[in-house]
């Protein structure tokens, strides 16, 4: 039995070390983020000047069955403050429902107003989004290509504020920051925004400031057409074609400029199963891209620190696998703490990783919260949401671990999009939609069983007096129970 205890302890410790390294690297990005914001800002760079010929831009809107949001998207793009004879709109429409007719009608409406707009159709949805972008490249007339998913609503000055950065001939991509039009809709949307705010501040700006590899986020950004061609074009062999092409472009010497001050509002998934499908695609695609790109990264002439940051960036999704293992190993360890002479003081060292990640999330969300009220209220709001965010992240660790393993072992699955339902404000109601086709999956059942497993861990920790894991198991219980509950509850919206 002692051997079993040491095996469990070894697995738990290795997983904890990985999570700790991940947290410290996030803190390193925070250092670069703060360093960037300590510099004086150059407010003149972004001014768009109409000198000579205004750059011609192609705007691509890859869509699939978006009847709830497609009209607002087209209307929004047509309202951009940019000479309408200097940009074209390509709606890459792979739809199979009434979205096709809605798009056709809107295209005719705007053509009559003098816009350069067309509905681009394919016979087969080969390669999904990446395939649509790839197949449409031969239609592109612009030197620059702006891409927006169906739920995005860029500001009117989006092109005027992004195109000037391409005056630097080394810049291949300009990426804007995602904002969230329905952040306050529910606890689920608040916690999503809580996490995404970290990526679109500390991570993206920190990587650029530290001269590390960053990424185009698949939407709300602009590519130099030459960059896409030079990097080998869009490829559909991963579910995160954006991350894949970003790295291939940077390894060819192109730069990605991140524009944190330019927000692009979009809709967050408002129900649990939509969130899970999005997470699955991101996590699996991230693992697929890591498997594909990491050998090239380590064989490149990048500096060692850049390679480390690039590796952790590409392997971001794998942290869920180690969080899952931490939880699973920790329950039986309750029965071995005395036999193995486990010293809680030793593991207290790893609290530093928790403190570092708290700092990262606090900085990333603090400015937004301060803009909504007093600093004291912002402080309380953060420390209310943070443990809920931790619990939700832990509760998603099984689901996301399955995605990571499928990506690493090469299991091929379809690109399952995240349907958008035009949920913007608290007054908008979720409706039954044939876009939401979900059943009770085996993973959902396991999430319910894991909630019971960690509740048992809480009980045994209290009963035996081994309180080392009680708080950890309590968070895991609430996380898995919430994921299970909402996964079942939100099935009522699917058909």
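Any read-out appearing in this document is the output of simple, stated calculations on the displayed coordinates, not a laboratory observation. Only a predicted model underlies this, so the values are computations on that prediction, with no experimental measurement involved. Reconstructed Cβ throughout: ideal geometry from the backbone, glycine too, with neighbour counts over all protein chains shown.
Observations, loosely collected:
- Segment 199-258 and segment 136-174 have Cα centres separated by 13 Å.
- Note on segment 55-272: antiparallel DSSP beta bridges, both residues inside, total approximately 20 percent of the bridges counted.
- DSSP-defined antiparallel bridges as percent of all bridges, the chain, nearest 5: 20
- Residue 75 versus residue 4: modelled label distance in nm, points set 7 Å from Cα along the beta carbon direction: 6.4
- Exposure proxy order (Cβ contacts within 10 Å, fewest to most) of 22, 33: 22, 33
- For the chain, the relative contact order is 19 percent, taking Cα pairs closer than 8 Å that sit 6 or more residues apart in sequence and dividing their mean separation by the residue count.
- Computed over the chain, the Cα gyration tensor eigenvalues convert (square root of 5λ each) into semi-axes of 40, 26, 22 Å, ordered from largest to smallest.
- Computed from Cα atoms, the angle from the helix 351-370 axis to the main principal axis of the chain rounds to 40 degrees.
- Nearest 10 degrees, 0 to 90: helix 319-333 Cα axis against the chain principal axis: 10
- Prolate/oblate/rounded label for segment 1-123 (Cα gyration tensor, a/c 1.5): oblate
- Acute angle (nearest 10 degrees) that the helix 442-464 long axis makes with the longest principal axis of the chain, alpha-carbon atoms: 40
- Gyration tensor verdict on segment 55-272 (Cα atoms; rounded if a/c is under 1.5, prolate if a/b is larger than b/c, oblate otherwise): rounded
- Order of 101, 242 - criterion: other Cβ atoms within 10 Å of each residue's Cβ, fewest first: 101, 242
- Neighbour-count order for 388, 312, fewest beta carbons within 10 angstrom listed first: 388, 312
- Helical content alone sets the calculated 222 nm signal of the chain at -17000 deg cm²/dmol, taking -39,500 (n - 2.57) per DSSP H segment of four or more residues and averaging over every residue.
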